């Protein structure tokens with residue numbers, strides 16, 4: 001179960017934490033307005049698609065910027081904040097806090113109970129069986145066991161960027177696409193055939209990586225580098241390598257419950273992910289760089305990064 005701190009940050013019915021709960025009769029956000037929205041323990045940029053009064057309260061249908069429409073959802077006013085400099089700083093501070101917690105626990109995410117299940121505790125909003133099944137599955141997210149050598153890789157990765165002001169030199173070779181292709185080749189030789197299932201999983205991982213990288217996989221000090229290199233229709237998977245791909249596996253337990261996958265499929269995915277991580281570990285010396293580049297973070301950007309994360 002998540003800690004009480006996580007619950008208070010995500011459950012608007014029990015507590016709004018530091019968020020002010022406005023008068024439910026007032027409409028604070030207009031259609032098309034860019035906002036900041038709580039999603040799990042983090043805050044993301046979103047856009048209000050439409051607003052309606054439901055059970056005497058304003059509800060907003062939001063789209064998370066940079067994510068598929070499958071993630072669009074109705075949220076209450078307690079989940080939204082105005083897009084202001086003050087709230088952006090709050091967002092960045094929360095990103096830093098979650099990142100530190102994640103690595104201090106050897107790569108294990110602090111979020112074990114997504115926001116959508118919090119309302120089922122104490123108050124029963126819906127009684128239909130489909131909702132109960134959904135909440136039950138969300139209470140049991142896909143667990144991904146990261147090998148100990150890769151856990152150390154994650155901790156060192158965080159230390160290089162956030163404490164030593166060093167970045168991964170980009171573009172990487174091999175990049176994410178290369179790593180995925182090498183794994184597919186490895187599995188095909190080991191299984192004696194080309195398996196469509198593995199290919200589909202790898203396509204999904206690539207899609208998740210490209211979408212998730214700018215939203216939840218980068219540290220603040222890496223954003224300037226990202227905007228300089230990932231332009232037009234360039235896919236991050238062609239620029240970044242195993243260092244950033246590994247970060248995705250820390251976040252997948254948070255992301256996968258929202259896809260509404262069946263339990264048996266979740267188990268199979270868990271096994272496939274573990275096999276892929278063992279492949280990364282086996283090839284750690286060739287897939288991961290041994291040292292980061294300290295020349296890419298200037299004094300000014302490093303100072304700015306520290307200020308925005310405090």
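The values are calculated or read from the model by the stated rules, or taken from the named source; none is laboratory data. These figures come from a predicted structure and were not determined experimentally. A quick note on method: Cβ atoms are made from the backbone with ideal geometry, for glycine too, and the neighbour counts reach across all protein chains shown.
Could you tell me whether the stretch 185-206 includes any residue that is buried (at least 18 other Cβ atoms within 10 Å of the Cβ) and not in a helix (DSSP H, G or I)? No: zero hits. May I ask you to verify whether residue 17 is modelled with pLDDT of 90 or more and surrounded by fewer than 17 Cβ atoms within 10 Å (Cβ to Cβ)? For residue 17, the condition - modelled with pLDDT of 90 or more and surrounded by fewer than 17 Cβ atoms within 10 Å (Cβ to Cβ) - is not met.
In this structure, does residue 272 turn out to be under 27 Å from residue 152 (Cβ atoms), surrounded by fewer than 20 Cβ atoms within 10 Å (Cβ to Cβ) and modelled with pLDDT of 95 or more? Spell out how you get there, then give the answer.
Working: under 27 Å from residue 152 (Cβ atoms): yes; surrounded by fewer than 20 Cβ atoms within 10 Å (Cβ to Cβ): yes; modelled with pLDDT of 95 or more: no.
No.
Among the residues of the stretch 207-221, those identified as in contact (Cβ under 8 Å) with a residue 24 or more places away in the chain, closer than 14 Å to residue 245 by Cα and either in contact with a strand residue (DSSP E or B) (Cβ under 7 Å, 6 or more places away or on another chain) or not in a loop (DSSP other than H, G, I, E, B) (or both) are 208, 209, 210, 211, 212, 213, 214, 215, 216, 217. Put simply, of 286, 298 the only residue that is at pLDDT 95 or above and loosely packed, with under 13 Cβ neighbours inside 10 Å is 286.
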